[in-house]
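Novice: I'd like to ask some things about the structure below.
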Amino acid sequence: MKRAVKITAGAVMIFISAVMGMILFGGGFVQDITTIGKTELINGGIDDKLAGSVAENLPFRDYMRSLGAEAGAKIGEPVVNDVYISDERLLDVSASELSSAENYALEVNSFAESYSGTVYFAAVPTSKGIYGDDLPSYIFDITEKKLIEYLYDELAVNIRKIDAYTILKMLSDNYIYCRSDTKWTSYGAYCLYRTVIQKLGFIPISYDKYAIRHVTDDYRGNLYDRTGYMECKADLLDIYEYSDGTEITECTGYDRDGVEHQLSLYDTKAVESDNPYNLYLGEPMDFIRIKTTVNNEKAILVIGDETADCFIPFLTKHYSEIAFISADSYKEAIEKYVDTKHYEQALFLVGLDCIKNY
């Protein structure tokens, strides 16, 4: 076993040395050296400029990154760019701070204080929160369970908290989270939808009523982007279709610049783009208004990050109108696009990725 590891590591070092020779004597790196001026030499900026040049001119950059991650996993250091590499999945192990949860709770409480309707809140754990038991003991961090509990304790008493963590943890043997991404799958979103929609006053649509279409089986997400690790099996991106006569009559989005876009619940062309997860609702928008043929005049305001993107379609079978606001800019979006009095319910559906970075 030790001999095999040494051979693998040695092969990697030989390959890296050969590539570095290509860099040093290739045109791109040499040309960049000649452009470094006196200012960089005096102020120390030369390191950053050289590092950037190496990254830009490295041949087979993605292949090298993947090879390095694979070698690290085999040698026994399976953490690359704060991502833990296992045979089953990739897990984000970057540090969490309780202060971020406290800050986010303050924002939600401020909204609830001025809102006349009922506020619901569901903090959605990342894959680390559900599968963190697989991590070795030397990777110490605040658990996402503890982070969510602290957040919920900080939320005002009139906010109705939904325990997404326990629901998803109980179903962890199912394919509810991507293997190469921090986000859940459409099935994970459906599993939480069954509870959330009951809290909101509706009967959930049973699983067997949906026709499930696999749009791609080759999705590699944000954790793959940070490691380039190819040994982890790629993920599925699914569409849940329920033919009950309900139709979407409007799906209009407004981007950060206020430009209007005509959208659809699913953008199948996105699977060929740099961000296939944009299959759900398309390119990120500050605000999206969805209207349906559901004849109950019920409208809901949803504040969420991209975690909510694949959840929103499940709501369209229950509401005549859905206003979806980006959690990153919800204050500005509400001011520009929304009269909150029009919505009797507001749902915060936010992933821990968003909360931890707040």
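Novice: Once you have the Cα-Cα distance between Ala211 and Thr246, take 0.36 nm times their residue separation minus that, and quote the gain in nm to one decimal.
Specialist: 11.1 nm
Novice: Let me ask you something else. What whole number of Å gives the distance from the Cα centroid of segment 185-212 to the Cα centroid of segment 111-182?
Specialist: Centre-to-centre (Cα) distance: 18 Å.
Novice: Going by a ≥ b ≥ c, the root eigenvalues of the Cα gyration tensor, does segment 257-325 fall in the rounded group (a/c under 1.5), the prolate group (a/b larger than b/c) or the oblate group?
Specialist: Judged from the Cα gyration tensor, segment 257-325 comes out prolate (a/c at least 1.5, a/b above b/c).
Novice: Where does each of Met230, Met170 land when they are ranked from fewest to most other beta-carbon atoms within 10 angstrom?
Specialist: In increasing order of surrounding Cβ atoms, one gets Met170, Met230.
Novice: Right, something else. Please compute the modelled spin-label separation between Asn81 and Val338, points set 7 Å along Cα→Cβ, answer in nm with one decimal.
Specialist: 3.2 nm
Novice: Can you tell me what share of the DSSP beta bridges in segment 98-356 is antiparallel? A percent to the nearest 5 is fine.
Specialist: DSSP beta bridges in segment 98-356 are roughly 50 percent antiparallel.
Novice: Computed FRET efficiency, Cβ-Cβ of Thr166 and Ser94, R0 22 Å: what is it to the nearest 0.05?
Specialist: Once rounded, the FRET efficiency stands at 0.40.
Novice: If you put +1 on each Lys and Arg Cβ and -1 on each Asp and Glu Cβ, how big is the dipole of segment 69-213 around its Cα centre, in Debye rounded to 20?
Specialist: 740 debye
Novice: Let me know the charge dipole size of segment 98-356 about its Cα centre in debye, to the nearest 20, where only the beta-carbon of Lys, Arg (+1) and Asp, Glu (-1) is charged.
Specialist: I would put it at about 660 debye.
Novice: Take each of the peptides 268-276, 157-165, average the number of other beta-carbon atoms within 10 Å over its residues, and list them starting from the highest.
Specialist: Listed from highest to lowest mean packing, they are 157-165, 268-276.
Novice: So for each of 130-137, 305-312 I average, over its residues, the number of other beta carbons within 10 Å; can you give me the resulting order with the highest mean first?
Specialist: Those peptides, ordered most packed to least, come out 305-312, 130-137.
Novice: Let me ask something else. Which of Val338, Val108 has the fewest other C-beta atoms within 10 Å, and how do the rest follow up to the most?
Specialist: Val338, Val108
Novice: Moving on to the next point. Would you be so kind as to identify which of Ile355, Ile300, Cys232 lies farthest towards the positive end of the dipole of segment 98-356, taking Lys and Arg as +1 and Asp and Glu as -1 on Cβ and the Cα centre as origin?
Specialist: Ile300
Every number in this text was worked out from the coordinates using simple rules, so none of it is lab data. The shown structure was predicted, so the numbers you read here are calculated from the model rather than taken from an experiment. Every residue, glycine among them, receives a Cβ derived from its backbone with ideal geometry; neighbour counts consider all protein chains shown.
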